[in-house]
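No value in this document is a laboratory result; all are computed from the given coordinates. These figures come from a predicted structure and were not determined experimentally. Note: ideal-geometry Cβ built from the backbone for every residue, glycine included; neighbour counts use all protein chains shown.
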Amino acid sequence: MSSSLSPENERYIEHAILAGVYQDRGEILDKAVELLRRREQLLRDVNRGIEQLERGEGKPFDTEKIKAVVRERLATP
């Protein structure tokens, strides 16, 4: 399978490989697809939350609990 990338993205890939951030194009593309999948899941989750709020299924807002959850998620790769 071949892919066509913009010159800007090609330069980014070459720079990332030369800088040692990634070993090769395949690793970069795998990471890009993984991030796209995470983004799609996040959008589904957000939309589901919006739908729940619109149905009146919201819960009280607990700032400290939310901060703890966010910190935990950020610490998990």
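Charge tally for GLU27 (other residues, Cβ to Cβ under 15 Å; Lys, Arg +1; Asp, Glu -1): -2.
Using the empirical formula 2.2 N^0.38 Å as the baseline, the Cα radius of gyration of the chain reaches a ratio of 1.62. Against the chain, whose longest principal axis comes from its Cα atoms, helix 7-18 is set at around 80 degrees.
From helices alone, the chain scores -24500 deg cm²/dmol at 222 nm; the rule is -39500 (n - 2.57) for each run of n ≥ 4 DSSP H residues, then divide by the residue total.
Note down the net charge around LEU42, summing +1 for each Lys or Arg and -1 for each Asp or Glu among other residues with Cβ under 14 Å from its Cβ. Computed value for this residue: +3.
Computed from label points 7 Å out along Cα-Cβ, the spacing between GLU8 and ARG55 is 4.1 nm. Do any trypsin sites (Lys or Arg not before Pro) in the stretch 1-45 lie in a DSSP loop with no more than 10 other beta carbon atoms within 10 Å, and if so, which? Taking the stretch 1-45 and a limit of 10 other Cβ atoms within 10 Å, no loop trypsin sites (Lys or Arg not before Pro) are found.
Between helix 25-54 and the chain there is an angle of about 20 degrees, using the helix long axis and the longest principal axis of the Cα atoms. Just to be sure I understand: with springs between alpha-carbon atoms less than 10 Å apart, which residue in ASP62, ASP30, ASP45 has the highest mean-square fluctuation in the Gaussian network model of the chain? The residue with the greatest mean-square fluctuation here is ASP62. Amide H contacts under 5 Å for TYR22: ILE17, restricted to partners 5 or more places along the chain or on a different chain, H placed in the peptide plane at 1.01 Å from N.
In this simple spin-label model, placing a label point 7 Å from the Cα along the Cα-to-Cβ direction at both ALA68 and GLN23 gives a separation of 4.0 nm.
Each of ASP30 and VAL46 was given a label point 7 Å from its Cα along the Cα-to-Cβ line. The distance between the two points is 2.8 nm.
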